[in-house]
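The values are calculated or read from the model by the stated rules, or taken from the named source; none is laboratory data. From a predicted model like this one, the values you see are computed outputs, not experimental measurements. Note that each Cβ is placed from the backbone with ideal geometry, even for glycine, and that neighbours are counted across all protein chains shown. Heads up: the accessible areas ignore ligands, DNA and RNA and are worked out on the full protein's heavy atoms, side chains in. Shrake-Rupley method; radii C 1.70, N 1.55, O 1.52, S 1.80 Å.
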Amino acid sequence: MPDLPRQLRKNRLWPLAAFLIVAALGWGAHAAIGGVYSGAEARDLLEALSRAGLYLGSAIVTGSATTLALMLTMVGMIDRLETEFNREAYENVNMVAKLATASLLLALIVLLAFVLPVGEFENIPDHWFEILYDVLFAGSVAMVGLMAATVVMIYLTLRRVLAAVTPGDKF
(Lines give C-alpha, C1' and ligand atoms only; values in the text may rest on other atoms or scores of the structure.)
Protein backbone atom coordinates (compact mmCIF):
# COMPACT_ATOMS: atom_id res chain seq x y z
CA MET A 1 0.00 0.00 0.00
CA PRO A 2 2.86 2.48 -0.43
CA ASP A 3 1.02 4.45 -3.15
CA LEU A 4 -2.02 5.16 -0.97
CA PRO A 5 -2.16 8.63 0.51
CA ARG A 6 -1.53 9.02 4.21
CA GLN A 7 -5.15 10.01 4.94
CA LEU A 8 -6.45 6.87 3.26
CA ARG A 9 -4.17 4.66 5.34
CA LYS A 10 -5.30 6.56 8.43
CA ASN A 11 -8.96 6.03 7.48
CA ARG A 12 -8.36 2.28 7.35
CA LEU A 13 -7.06 2.23 10.92
CA TRP A 14 -10.44 3.21 12.42
CA PRO A 15 -12.38 0.25 10.95
CA LEU A 16 -9.54 -2.06 11.97
CA ALA A 17 -9.70 -0.66 15.50
CA ALA A 18 -13.48 -1.25 15.60
CA PHE A 19 -12.99 -4.85 14.45
CA LEU A 20 -10.26 -5.47 17.03
CA ILE A 21 -12.36 -3.99 19.85
CA VAL A 22 -15.26 -6.29 18.99
CA ALA A 23 -12.85 -9.24 18.72
CA ALA A 24 -11.43 -8.43 22.15
CA LEU A 25 -14.93 -8.21 23.63
CA GLY A 26 -15.80 -11.53 22.00
CA TRP A 27 -12.67 -13.15 23.38
CA GLY A 28 -13.55 -11.75 26.80
CA ALA A 29 -17.08 -13.13 26.57
CA HIS A 30 -15.74 -16.53 25.52
CA ALA A 31 -13.32 -16.48 28.45
CA ALA A 32 -16.12 -15.45 30.83
CA ILE A 33 -18.29 -18.37 29.68
CA GLY A 34 -15.38 -20.64 30.49
CA GLY A 35 -14.16 -23.82 28.96
CA VAL A 36 -16.49 -26.44 27.56
CA TYR A 37 -15.98 -29.52 29.66
CA SER A 38 -18.11 -32.12 27.92
CA GLY A 39 -19.87 -32.84 24.66
CA ALA A 40 -23.27 -32.59 26.37
CA GLU A 41 -22.40 -29.16 27.72
CA ALA A 42 -21.17 -28.13 24.27
CA ARG A 43 -24.50 -29.24 22.77
CA ASP A 44 -26.40 -27.07 25.24
CA LEU A 45 -24.15 -24.10 24.52
CA LEU A 46 -24.52 -24.69 20.78
CA GLU A 47 -28.30 -24.67 21.05
CA ALA A 48 -28.24 -21.42 23.05
CA LEU A 49 -25.74 -19.87 20.62
CA SER A 50 -27.77 -20.93 17.59
CA ARG A 51 -30.98 -19.33 18.93
CA ALA A 52 -29.26 -15.97 19.38
CA GLY A 53 -27.06 -16.43 16.32
CA LEU A 54 -30.00 -16.85 13.97
CA TYR A 55 -31.32 -13.41 14.91
CA LEU A 56 -27.89 -11.85 14.85
CA GLY A 57 -27.00 -13.39 11.49
CA SER A 58 -30.32 -12.32 9.98
CA ALA A 59 -29.80 -8.75 11.15
CA ILE A 60 -26.27 -8.67 9.74
CA VAL A 61 -27.40 -10.10 6.41
CA THR A 62 -30.09 -7.43 6.19
CA GLY A 63 -27.71 -4.65 7.20
CA SER A 64 -24.96 -5.74 4.83
CA ALA A 65 -27.29 -6.12 1.85
CA THR A 66 -28.79 -2.71 2.56
CA THR A 67 -25.34 -1.18 2.86
CA LEU A 68 -24.30 -2.56 -0.51
CA ALA A 69 -27.44 -1.13 -2.13
CA LEU A 70 -26.84 2.24 -0.50
CA MET A 71 -23.22 2.28 -1.65
CA LEU A 72 -24.44 1.89 -5.23
CA THR A 73 -26.73 4.85 -4.64
CA MET A 74 -23.88 6.87 -3.17
CA VAL A 75 -21.62 6.16 -6.15
CA GLY A 76 -24.39 7.39 -8.45
CA MET A 77 -24.87 10.48 -6.30
CA ILE A 78 -21.15 11.24 -6.24
CA ASP A 79 -20.99 10.84 -10.00
CA ARG A 80 -23.85 13.32 -10.54
CA LEU A 81 -22.61 15.99 -8.15
CA GLU A 82 -20.75 18.87 -9.66
CA THR A 83 -18.19 18.65 -6.87
CA GLU A 84 -14.93 16.91 -7.68
CA PHE A 85 -14.09 13.95 -5.48
CA ASN A 86 -10.60 12.62 -5.16
CA ARG A 87 -9.53 9.01 -5.26
CA GLU A 88 -9.85 8.69 -1.48
CA ALA A 89 -13.65 9.08 -1.61
CA TYR A 90 -13.94 6.27 -4.12
CA GLU A 91 -11.48 4.12 -2.14
CA ASN A 92 -13.62 4.63 0.96
CA VAL A 93 -16.75 3.52 -0.92
CA ASN A 94 -14.83 0.52 -2.24
CA MET A 95 -13.70 -0.40 1.28
CA VAL A 96 -17.28 -0.15 2.58
CA ALA A 97 -18.40 -2.45 -0.22
CA LYS A 98 -15.64 -4.96 0.59
CA LEU A 99 -16.45 -4.97 4.32
CA ALA A 100 -20.21 -5.26 3.71
CA THR A 101 -19.65 -8.11 1.24
CA ALA A 102 -17.36 -9.95 3.68
CA SER A 103 -19.84 -9.58 6.55
CA LEU A 104 -22.71 -10.67 4.28
CA LEU A 105 -20.90 -13.80 3.11
CA LEU A 106 -19.73 -14.71 6.62
CA ALA A 107 -23.23 -14.17 7.99
CA LEU A 108 -24.70 -16.46 5.34
CA ILE A 109 -22.17 -19.20 6.16
CA VAL A 110 -22.77 -18.86 9.90
CA LEU A 111 -26.54 -18.87 9.38
CA LEU A 112 -26.22 -22.05 7.38
CA ALA A 113 -24.23 -23.63 10.21
CA PHE A 114 -26.78 -22.47 12.81
CA VAL A 115 -29.66 -24.21 11.08
CA LEU A 116 -27.96 -27.62 11.32
CA PRO A 117 -29.84 -29.82 13.79
CA VAL A 118 -26.80 -30.19 16.05
CA GLY A 119 -28.72 -31.90 18.87
CA GLU A 120 -29.67 -34.72 16.53
CA PHE A 121 -26.11 -35.72 15.60
CA GLU A 122 -25.45 -38.89 17.57
CA ASN A 123 -22.56 -40.54 15.73
CA ILE A 124 -20.24 -37.57 16.07
CA PRO A 125 -17.57 -37.68 18.79
CA ASP A 126 -18.19 -35.30 21.68
CA HIS A 127 -15.03 -33.25 21.07
CA TRP A 128 -16.45 -32.20 17.67
CA PHE A 129 -19.24 -30.33 19.46
CA GLU A 130 -16.66 -28.39 21.42
CA ILE A 131 -14.85 -27.47 18.20
CA LEU A 132 -18.11 -26.54 16.47
CA TYR A 133 -19.08 -24.31 19.40
CA ASP A 134 -15.73 -22.49 19.30
CA VAL A 135 -15.89 -22.05 15.51
CA LEU A 136 -19.47 -20.75 15.55
CA PHE A 137 -18.74 -18.42 18.46
CA ALA A 138 -15.71 -17.05 16.60
CA GLY A 139 -17.77 -16.71 13.42
CA SER A 140 -20.42 -14.75 15.31
CA VAL A 141 -17.81 -12.43 16.79
CA ALA A 142 -16.21 -11.96 13.36
CA MET A 143 -19.62 -11.10 11.85
CA VAL A 144 -20.20 -8.40 14.44
CA GLY A 145 -16.62 -7.16 14.08
CA LEU A 146 -16.93 -6.85 10.31
CA MET A 147 -20.22 -5.02 10.69
CA ALA A 148 -18.66 -2.65 13.23
CA ALA A 149 -15.81 -1.96 10.80
CA THR A 150 -18.37 -1.36 8.04
CA VAL A 151 -20.27 1.15 10.17
CA VAL A 152 -17.09 3.06 11.00
CA MET A 153 -16.06 3.09 7.33
CA ILE A 154 -19.52 4.35 6.32
CA TYR A 155 -19.14 7.18 8.82
CA LEU A 156 -15.73 8.13 7.45
CA THR A 157 -17.04 8.00 3.88
CA LEU A 158 -20.08 10.08 4.74
CA ARG A 159 -17.88 12.68 6.42
CA ARG A 160 -15.74 12.90 3.27
CA VAL A 161 -18.77 13.30 0.99
CA LEU A 162 -20.43 15.85 3.28
CA ALA A 163 -17.21 17.85 3.56
CA ALA A 164 -17.03 18.04 -0.23
CA VAL A 165 -20.64 19.16 -0.76
CA THR A 166 -21.14 21.36 2.32
CA PRO A 167 -20.45 25.07 1.85
CA GLY A 168 -17.85 26.53 4.16
CA ASP A 169 -14.30 25.85 5.16
CA LYS A 170 -14.71 22.81 7.38
CA PHE A 171 -17.34 20.26 8.09
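Observations, loosely collected:
- Highest-first arrangement of 95-105, 68-78, where packing means the average Cβ count within 10 Å: 95-105, 68-78
- Residue-normalised accessible area of the range 51-111, given per residue in Å² at a 1.4 Å probe: 57 Å²
- Ranked by how many other beta carbons lie within 10 Å on average, peptides 13-19, 26-32 from highest: 13-19, 26-32
- Rolling a 1.4 Å probe over the protein heavy atoms of the range 87-154, with every protein chain left in place, gives an accessible area that is 72 percent carbon and sulfur.
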